[in-house]
Each structure stands twice: as C-alpha cells, then as structure tokens.
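The values are calculated or read from the model by the stated rules, or taken from the named source; none is laboratory data. Values in this document were obtained by computation on a predicted structure and should not be read as measured data. Please note: Cβ atoms are built from the backbone with ideal geometry, for glycine as well, and neighbour counts cover all protein chains shown.
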Amino acid sequence: MMRIAYICADSGIPIFGEKGCSIHVQEILRGLLKRNHQVHLFSPRLGENKPDDLQTIKLHKLLPIPKVAQGLREKIALSMNSEIDAVLEVLDFKKPFDLVYERYSLWSYGAMEYARKKSIPGILEVNAPLILEQQKYRGLVNLQEAETVSIKVFNAATTIIAVSDEVKNYVSQYVKNPNKIKVIPNGVNADRFNPKKITSNGYFTLGFVGSLKPWHGLPILLDAFEKFHHHYPQSRLLIIGKGPESDRLQTEINQKNLNSAVKLTGSVPPDAIPFLLEQMDVAVAPYPPLDKFYFSPLKVYEYMAAGLPVVASHIGQIKDVIKHGNNGLLCLPGDSNALSEAFIRLMRSPQLRHQLGTSARQTILGHYTWDHVVKKILRLAKEAEQTYLKVA
C-alpha cells in the first residue's frame with residue numbers, strides 16, 4: 001500500500017463537483033482507493049458532496065483564492081506554492097509519502113519541487129496547454145511568470161502524463177528530457193453505462209453532451225441537424241449541458257424555428273447522463289477545424305461506453321480512438337453536410353447503428369476504462385521509484 005499525496009491547486013475545479021474535470025479527478029482517486037492505497041487530497045475547492053466511495057480520502061483544504069482583479073488573483077495563486085510545500089512537509093514528517101501526484105494547474109509547482117527535494121516519485125498530469133487556454137479564453141496578466149512556473153513544474157516532475165499527443169508536443173517545448181512525457185488518454189467508468197438497445201420509438205434522436213464551449217462545434221451541429229430535420233421531421237436533437245454558448249445557441253434555435261425539435265437540458269448531474277444517453281439513437285462530437293486539437297474528450301468515451309453509434313470529427317485523438325466504419329463514423333471538421341449525410345446513413349440502417357455501437361463499447365472495455373488509466377499511472381510510479389532506488 002502506498003501513501004499518496006494528490007494535489008489539484010486549480011481553484012476552477014470543484015473536486016466533488018459535476019464538471020468533466022471534476023469527474024476526471026474523482027475517477028483517478030477512485031482507482032487509487034480501489035487498489036487500497038491511502039490518498040491525501042489537497043485542493044482549494046473541494047466541492048459540496050463527497051461521494052460515498054471516496055469517504056476514506058484524507059482532505060486538506062488549501063486557502064481559497066479571493067475574487068479580486070485578475071493580476072492580483074494570479075499573484076495569490078502563485079503564493080500557494082509555499083503553502084503546499086509547508087503542508088506536505090508537516091504530513092510527510094509524520095509518515096513519508098510514497099508518491100506525489102498532481103493535476104497540472106497554471107500557477108502550481110510546489111508539489112513537484114517538493115517531491116524532487118525528498119526524492120519521492122512526482123507524477124504530473126497535464127490535460128491541456130493552460131497558458132494558451134488562459135490567454136485565449138480568460139485573459140492572462142503575468143505571462144512571463146506563468147511560463148516560468150511551467151518550466152519549473154515540468155522539469156521538477158519525475159514523470160509527466162499527457163492526455164494526448166498534442167499536449168505532449170506542447171509540454172516538450174518546456175522540458176529538458178522529453179522522454180519522461182508519457183501519453184495516457186482519458187477513460188470512462190463503463191460500469192455506469194448500459195449498452196444501447198436499438199428500438200423504434202417514433203423519433204430519431206441525435207444527442208450531444210458537453211459544457212457548451214466555443215470549441216465544441218455546436219453551430220456546426222445545429223446546421224447539420226437543420227438540413228437533416230428538413231428531410232426527416234420525425235427527428236430530434238438533444239443537447240445536454242450548459243455553458244458560455246447556451247444563450248447564443250438558443251438564439252440560433254429560435255432563428256431556425258427548431259424549438260419543437262431541439263431540446264436544451266441545461267446543467268444535469270453526472271448520475272443522469274447514462275439515462276439521457278439511452279434516449280439517443282446517435283451521439284455526436286462535432287468539433288470544428290482547430291489548429292491544435294489537444295483534447296482527450298470524455299464525452300466520446302462515454303458515448304462509446306453506452307454502446308452508441310458515434311459521429312465525430314476526424315481530428316486529434318478522436319481519429320485514433322474511432323476507426324471509420326468500424327466503431328463509429330468520422331467527418332471532416334466543420335463539414336455540416338458530411339454530418340447530415342452521416343445522420344441519414346445511420347437513420348436508414350439500424351443494423352449499422354447496432355454494429356458500430358457494439359464495436360464502440362468493445363473498444364472502451366478493451367482499452368479506455370479508468371481502470372486501464374490508473375494501472376498505467378501506477379506502473380509509471382513504480383518505474384520512477386526504481387529509478388530513485390538505483391540512484392540511492
């Protein structure tokens with residue numbers, strides 16, 4: 001049994017919340033507990049409802065970051081590193097940690113530097129190029145300091161886990177030893193989902209799950225559905241989630257006179273997702289053409305785990321997971337005509353929908369469960385430990 005310190009210093013992630021990033025953290029924690037490891041969790045934002053199966057985690061709440069001017073928030077977040085170092089020092093003194101695991105956040109380097117100082121394996125999980133995201137979507141005042149933090153944390157880590165090849169390429173520019181970067185795609189808890197049964201319920205329902213962000217391609221999906229619905233009025237579009245695009249999307253739905261055919265659910269709890277996926281005949285991931293597609297989309301794994309036929313953009317990691325015509329259909333990013341044609345093809349062939357959905361779930365069970373992910377993480381931790389033992 002290992003004693004593990006898990007650090008998530010990102011105040012935008014409610015650990016026990018309902019965001020995709022929250023689910024990601026919970027599933028890694030769940031996988032570690034499943035193997036009887038003792039886990040200490042450090043975060044400034046824990047969330048409200050701790051799941052029953054995560055009750056044994058030892059919680060350590062870091063100081064919250066106040067809602068002040070952006071530049072000042074960044075400075076306060078940067079000062080959290082000394083707090084992380086101090087609390088790890090106290091707990092490690094009582095009983096040493098065997099592994100320090102951190103979800104990369106924009107201003108945090110203290111945990112990885114602490115692990116290096118103590119010769120403890122330090123694994124850093126990188127889910128996105130946060131500097132680029134912050135600049136483009138939220139604003140970044142102290143760019144130079146953010147880059148300095150990235151250089152510190154990436155080089156202090158014993159091992160870096162990137163969720164996609166594009167994230168690996170991004171991290172590589174900051175590290176002296178790119179060989180320590182390993183790609184482990186995201187996963188899904190397949191036990192949450194029942195395989196889709198092909199039924200005739202009167203309406204042919206297309207579906208999307210996500211946080212309705214600008215890069216999710218929802219205008220493309222709406223254009224494709226409008227064309228499809230014109231020929232097949234017994235079709236429906238179910239959009240599950242809430243986000244910055246919600247109002248704009250509703251305006252477009254009104255302008256296209258699709259109110260009776262398109263349903264926006266708003267925010268829903270994670271426990272409701274499996275049931276809502278069962279209402280779909282086809283699930284869609286309509287990403288636009290993006291220069292650097294670094295995502296490892298949880299939605300795609302959930303669609304596939306539910307045994308749904310998936311129509312997705314031929315882009316990034318998606319094209320590695322989905323093999324066109326085998327376990328899903330791929331379209332050129334941004335091509336609403338191709339999406340619409342794929343919808344028609346699937347609507348006309350229940351047999352194809354069943355074949356693709358069955359193969360999709362088999363792909364998940366064989367390669368992309370959270371159990372697979374955690375096994376790979378722990379294997380890397382063992383390798384890092386052996387490295388330190390050799391040096392000693």
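Just a few scattered comments:
- Against the list (1) over 23 Å from the mean Cα position of the chain (by Cα); (2) of a type in the set (Val, Ile, Thr); (3) closer than 26 Å to residue 139 by Cα; (4) not in a loop (DSSP other than H, G, I, E, B), the condition residue 90 fails is (3).
- Criterion violated by residue 279 - all others in (1) over 18 Å from residue 212 (Cα atoms); (2) crowded, with 19+ Cβ neighbours inside 10 Å satisfied: (2)
- Per the listing 378, 356, the residue uniquely part of a helix (DSSP H, G or I) and either touching a Lys or Arg at 6+ places or on another chain (Cβ under 9 Å) or surrounded by fewer than 20 Cβ atoms within 10 Å (Cβ to Cβ) (or both) is 378.
- Among the residues making up the range 1-19, those that are in contact (Cβ under 8 Å) with a residue 40 or more places away in the chain, surrounded by fewer than 20 Cβ atoms within 10 Å (Cβ to Cβ), of a type outside the set (A, V, I, L, M, F, W, C) and not in a strand (DSSP E or B) are 18, 19.
Each row is one residue, and each column tells you yes or no for (1) surrounded by fewer than 12 Cβ atoms within 10 Å (Cβ to Cβ); (2) without any contact (Cβ under 8 Å) to a residue 24 or more places away in the chain; (3) outside the structural domain of residue 301 (by TED's automatic domain parsing); (4) hydrophobic (A, V, I, L, M, F, W, C).
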{"position": "24", "(1), (2), (3), (4)": "no, no, yes, no"}
{"position": "29", "(1), (2), (3), (4)": "no, no, yes, yes"}
{"position": "37", "(1), (2), (3), (4)": "no, no, yes, no"}
{"position": "67", "(1), (2), (3), (4)": "yes, yes, yes, no"}
{"position": "76", "(1), (2), (3), (4)": "no, yes, yes, yes"}
{"position": "83", "(1), (2), (3), (4)": "no, no, yes, no"}
{"position": "94", "(1), (2), (3), (4)": "yes, yes, yes, no"}
{"position": "98", "(1), (2), (3), (4)": "no, no, yes, no"}
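- Just one of the numbered conditions (1) among the basic types (Lys, Arg); (2) without any contact (Cβ under 8 Å) to a residue 40 or more places away in the chain; (3) under 21 Å from residue 314 (Cα atoms) is not true of residue 227: (2).
- Output for the range 214-236, where each listed residue is farther than 15 Å from residue 266 by Cβ and of a type in the set (A, V, I, L, M): 220, 221, 222, 224
- Residue count for the range 51-65 under the criterion of being within 23 Å of residue 378 (Cβ to Cβ), part of a loop (DSSP other than H, G, I, E, B) and touching a residue at least 24 places away in the same chain (Cβ under 8 Å): the result is 2.
- When 267, 260 are checked against the criterion of being over 18 Å from residue 324 (Cα atoms) and without any contact (Cβ under 8 Å) to a residue 12 or more places away in the chain, 260 stands alone in meeting it.
- Residues that are crowded, with 17+ Cβ neighbours inside 10 Å, under 21 Å from the mean Cα position of the chain (by Cα) and farther than 17 Å from residue 7 by Cα within the range 123-164 comprise 129, 131, 134, 163, 164, listed in sequence order.
- Within the range 294-350, the set of residues being more than 26 Å from residue 22 (Cα to Cα), of a type outside the set (Lys, Arg) and assigned to a helix (DSSP H, G or I) comprises 336, 337, 338, 339, 340, 341, 342, 343, 344, 346, 347, 350.
- Residue match in the range 230-243 (condition: at positive phi, surrounded by 22 or more Cβ atoms within 10 Å (Cβ to Cβ) and under 22 Å from the mean Cα position of the chain (by Cα)): yes
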